[in-house]
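Below is one structure; the comments refer to it alone.
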Amino acid sequence: GAGVSQTPSNKVTEKGKYVELRCDPISGHTALYWYRQSLGQGPEFLIYFQGTGAADDSGLPNDRFFAVRPEGSVSTLKIQRTERGDSAVYLCASSPLGTSTTDTQYFGPGTRLTVL
Amino acid sequence: QKEVEQNSGPLSVPEGAIASLNCTYSDRGSQSFFWYRQYSGKSPELIMFIYSNGDKEDGRFTAQLNKASQYVSLLIRDSQPSDSATYLCAVIGAGTYKYIFGTGTRLKVLA
């Protein structure tokens, strides 16, 4: 596709449930990033993939959060035992290289997660 | 101290005026600096980036970087109501490729 796509656009779940959020990056982009954005805040870094491997997962808040990118393209962010505090917009971005400080990230439309 | 700081605003300017948005960062080794615009309910979109000290111009936008003062700014000339949005500053720190974002400055351009 022309841009980064994310599904679903909205997800409502109950506390304690498991959710998966999907990101499809720009074709050919090596690097993929996940961010979380709460109302009135800037995006908060969660994890970054270089190809299939997680190059930096220092932003994952706890072990309930996990992300994979098995074939170096589509990525899935998985959240176990969701809590109300997990409610936010989850943004995915991709960049061509991920190994250059001049690399520009392009964002998808986000998934709005609401935990009731 | 936050890693990237921005005044949350709102910053209100009349149509046609120059809007000046500021950002400071704490990591002296930071290498790259990005400005994104985010409309309400939408995802961030890149306006421009700057890596070297000085000014960089792109149309109505000028980014200014002063690494000694750890300060980056964005000037918007001839502001339009359609420029009303939240402007996010993002920084790539030393030894990393991840962005650290500020909280954003909300800009209102008054017609």
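The values are calculated or read from the model by the stated rules, or taken from the named source; none is laboratory data. None of these values were measured; they are calculated from a predicted model. Glycine also receives a Cβ, built like all others from the backbone with ideal geometry; neighbour counts cover every protein chain displayed. Note: areas computed on protein heavy atoms with side chains; ligands, DNA, RNA excluded. Shrake-Rupley method; radii C 1.70, N 1.55, O 1.52, S 1.80 Å.
With +1 assigned to the C-beta of every Lys and Arg and -1 to the C-beta of every Asp and Glu, and no other charges, what is the dipole magnitude of the protein assembly as shown about the Cα centre in debye, to the nearest 20?
For the protein assembly as shown, the charge dipole is close to 500 debye.
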I'd like the interface area for chains A and B: accessible area of each alone minus the complex, both sides summed, 1.4 Å probe, protein heavy atoms only. What is it in Å² to the nearest 100? 1700
Can you list the lysines whose alpha carbon sits under 17 Å from that of B:LYS56, skipping same-chain ones fewer than 8 residues off? B:LYS67
Can you give me the relative contact order of chain A as a percent, contacts being Cα pairs under 8 Å and 6 or more apart? 36
Amide H contacts under 5 Å for B:SER32, restricted to residues at least 5 apart in sequence or on another chain and with H modeled in the peptide plane, are B:ILE92
Do you know the relative contact order of the range B:43-111, to the nearest whole percent, from alpha carbon pairs under 8 angstrom that are 6+ apart? 22
Magnitude of the Cβ-charge dipole of chain A, K/R +1 and D/E -1, about the Cα centre, nearest 20 debye? 420
With a probe of 1.4 Å, find how much accessible area the protein assembly as shown has per residue, and write the answer as a whole number in Å². 46
For B:MET48, enumerate residues with amide H under 5 Å from its amide H, sequence gap 5+ or separate chain, H modeled in the peptide plane. B:TRP35
Given labels modelled 7 Å from the Cα in the Cβ direction, how far is it in nm from B:SER52 to B:GLU15? 3.8
Within a Gaussian network of chain B (alpha carbon springs, distance under 10 Å), most fluctuating of B:LYS56, B:LYS67, B:LYS42: B:LYS42
Ranked by GNM mean-square fluctuation in chain B (Cα springs under 10 Å), the top entry among B:LEU65, B:LEU74, B:LEU46 is B:LEU46
I need the phi-derived Karplus couplings for the range A:49-64: 6.51 cos²θ - 1.76 cosθ + 1.60, θ = phi - 60°, integer Hz, Gly and Pro marked x. 10, 10, x, 8, x, 7, 7, 7, 10, 5, x, 5, x, 6, 7, 6
Aspartates and glutamates near B:LYS108 by alpha-carbon distance under 17 Å, same-chain residues fewer than 8 away left out - which ones? B:GLU15, B:ASP78, B:ASP83
Charges at C-beta only: +1 for Lys and Arg, -1 for Asp and Glu. How large is the resulting dipole of chain B about its Cα centre, in Debye rounded to 20? 200
